[in-house]
Structures are given as C-alpha cells and as structure tokens.
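Trainee: Structure below; questions to follow.
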Amino acid sequence: MPRSYWDTIDAWQEVEFVEGFVLTEVEDPEQLFRFYAEVNVNNSRLWELFTDLAAMLPSVCACIFCPYEDEVTHGEYQDKALVLGKLASLQKELVQDCFLEFGLIYEDEKTLMEAYVAESKFVKVWGVDRQHFEQIMQQHRIPAFEEMRFVDEFPKVVVPLTKLDAEARPTEEVIALLDKAFAPNQC
C-alpha cells in the first residue's frame, strides 16, 4: 500500500461510524432545493428509510441509477408507487451492491427533490420541506450532527456482491433490469 494512504487508514481506524445525518440549508434563491442532507443508516434499515424518504417526492417522479463511477441514467417520469414496486424487486442488490447507485428524482422549473443512495450505501437528499425530512429522521431515530464522517471519505475495496452472496444478481443484470424498466424508450 502506498505510504500516502497510511494517514488516511489510521484516521479510518479511529472513526466510529454511527447512524445520523448532516443537513445544510440552502438559502440561494437560484437553487431549486432548500436543503441538502447526507444520512448514514445501518444497511439493514436502508430500504425502509429510502422508501420513507420517497414520500417527500410528488406522486410522479423518475428513477435514476448507474453503476459506480459511471454516467447516471435518468428514467422517464412515472407513478411513484410503480417505480418503488419495480425497485422493490431488486431491493437486496440495490441496498447491498456497492457497484450500484440509485434514487428517485423530481425536478421542474421551480423545484428539485431527490433521494439518492450512493455506492457506499449512505443517502443523499436534496429537498424543499426540511420539516418533513426531519420528521422522517425522527421517526427512524436518526439523530442530527453538525459533522459526520462517511465511508466514502476513506480508501475502500469493493467486491462484487455475488462473491459474498451466491444468490444475488450480478451488477450487470441489475443494471439491465433497471434499463428495461426505466430508461427512456425502454418502458
């Protein structure tokens, strides 16, 4: 391992990852969202949190997804319940495969709302109703912090989920299923 990573690894060993969120208010009227938050939650609770955060979006939204470090595919706007139903069939892979990122988005000329699960399996939220977001965090007993460390700040090794779970679908298969379900002109 290169010597330049030693300090980072030492810092990683001293960090205790906890459930929590950090919220930044956005007061710039040019922005289409009023806050941005990053949420760390135990993986066993990630899907439930994600579906509850989906309640912040309108009844019609789009699925966004991509393989890690690739270009995001923005699906067609569809009924949110249908989108969540399709995603639910891939729940295990979506919340456990660190080669996959996914989320829901709604954007118009005045508003941007998004709940996005990064490859490191923490949630990024862009929203307009801070009170609703904080109610969801309170419901899940996820505390607010001024600062938090997230796993993507440290060196990591990612292995295919199929190496850890023989019953999991390969990343490429999940992406193909997401493309079929959500990609423009594929629905």
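The values are calculated or read from the model by the stated rules, or taken from the named source; none is laboratory data. Here the structure is a predicted model, which is why all the values come from computation and not from measurement. Positions of Cβ are backbone-derived with ideal geometry, glycine not excepted, and every protein chain shown enters the neighbour counts. What goes into the accessible areas is simple: the full protein's heavy atoms, side chains included, and nothing from ligands, DNA or RNA. Shrake-Rupley method; radii C 1.70, N 1.55, O 1.52, S 1.80 Å.
Trainee: Quick check on region 50-62: of everything there that is in a helix (DSSP H, G or I) and of a type in the set (A, V, I, L, M), which residue is nearest to residue 86 (Cα to Cα)? Steps first, please.
Mentor: Our first condition is that a residue be in a helix (DSSP H, G or I); within region 50-62, this holds for 50-56.
Then keep just the ones that are of a type in the set (A, V, I, L, M); that gives 53-56.
Details: 53: 17, 54: 14, 55: 16, 56: 19 Å.
Result: 54.
Trainee: Hey, another quick one. Tell me the residue from 121, 80, 110 that is basic (Lys, Arg) and touching a Ser or Thr at 6+ places or on another chain (Cβ under 8 Å), please.
Mentor: Values: 121 fails: touching a Ser or Thr at 6+ places or on another chain (Cβ under 8 Å); 110 fails: touching a Ser or Thr at 6+ places or on another chain (Cβ under 8 Å).
Among 121, 80, 110, only 80 is basic (Lys, Arg) and touching a Ser or Thr at 6+ places or on another chain (Cβ under 8 Å).
Trainee: Are there any helices (runs of 4 or more DSSP H) wholly within region 63-175 with 3 or more residues that are under 16 Å from the mean Cα position of the chain (by Cα), and if so which? Reasoning before the result, please.
Mentor: Details: elements: 80-88, 91-96, 130-139, 161-164.
Per the criteria, 80-88, 91-96, 130-139.
Trainee: Please determine, by comparing only the residues of region 176-187 that are in a loop (DSSP other than H, G, I, E, B) and free of Cβ contacts under 8 Å to residues at least 60 places away in the same chain, which one is most open to solvent (accessible area, probe 1.4 Å).
Mentor: Looking at the filtered set, the residue picked out is 185.
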